[in-house]
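Student: One structure, as structure tokens, below. Some questions next.
The values are calculated or read from the model by the stated rules, or taken from the named source; none is laboratory data. Just so it is clear, the structure is predicted and the values come from calculations on it, not from any experiment. As a convention, Cβ positions derive from the backbone with ideal geometry for all residues, glycine included, and neighbour counts pool all protein chains shown.
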């Protein structure tokens, strides 16, 4: 899948997730409705400034708009699990530190 196709799919997905019409997104980005429509259909590829405007309006990182949808799904799964993974890692770190502290206090 090309980057253009990925952008087209992801832009539409994020726009719909935010409950925005193409016209409303265009307004937020100070672009024409046609400009957004052409990007969503893959008929136009935005320059860096336009891509940043769109990402900002959608409140996402611009890189996520360009990521392949398959990778984006994996990334989203990771993001959902990240707090749990960090919590487990923090607990393990505390447990290890407590264990080492107790061993040092006992001199073993």
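Student: Among 57, 26, which is assigned to a helix (DSSP H, G or I), modelled with pLDDT of 95 or more and within 17 Å of the chain's Cα centre (by Cα)? Write out each step before concluding.
Tutor: Working: 26 fails: within 17 Å of the chain's Cα centre (by Cα).
Just one listed residue meets the conditions, 57.
Student: Here's another thing I want to ask about it. Taking the criterion of being assigned to a helix (DSSP H, G or I), surrounded by fewer than 17 Cβ atoms within 10 Å (Cβ to Cβ) and either over 15 Å from the mean Cα position of the chain (by Cα) or at pLDDT 95 or above (or both), would at least one residue in region 68-78 satisfy it? Break it down into steps so the answer makes sense when it comes.
Tutor: Let us first name the residues in region 68-78 that are assigned to a helix (DSSP H, G or I), namely 69-78.
Filter again for surrounded by fewer than 17 Cβ atoms within 10 Å (Cβ to Cβ), leaving 69-71, 73-78.
Right, trim to either over 15 Å from the mean Cα position of the chain (by Cα) or at pLDDT 95 or above (or both) and you get none.
Taking every residue of region 68-78 in turn, none turns out to be assigned to a helix (DSSP H, G or I), surrounded by fewer than 17 Cβ atoms within 10 Å (Cβ to Cβ) and either over 15 Å from the mean Cα position of the chain (by Cα) or at pLDDT 95 or above (or both).
Student: Something else about it: Confirm whether residue 19 is at pLDDT 95 or above, outside any helix (DSSP H, G or I) and loosely packed, with under 15 Cβ neighbours inside 10 Å.
Tutor: It is true that residue 19 is at pLDDT 95 or above, outside any helix (DSSP H, G or I) and loosely packed, with under 15 Cβ neighbours inside 10 Å.
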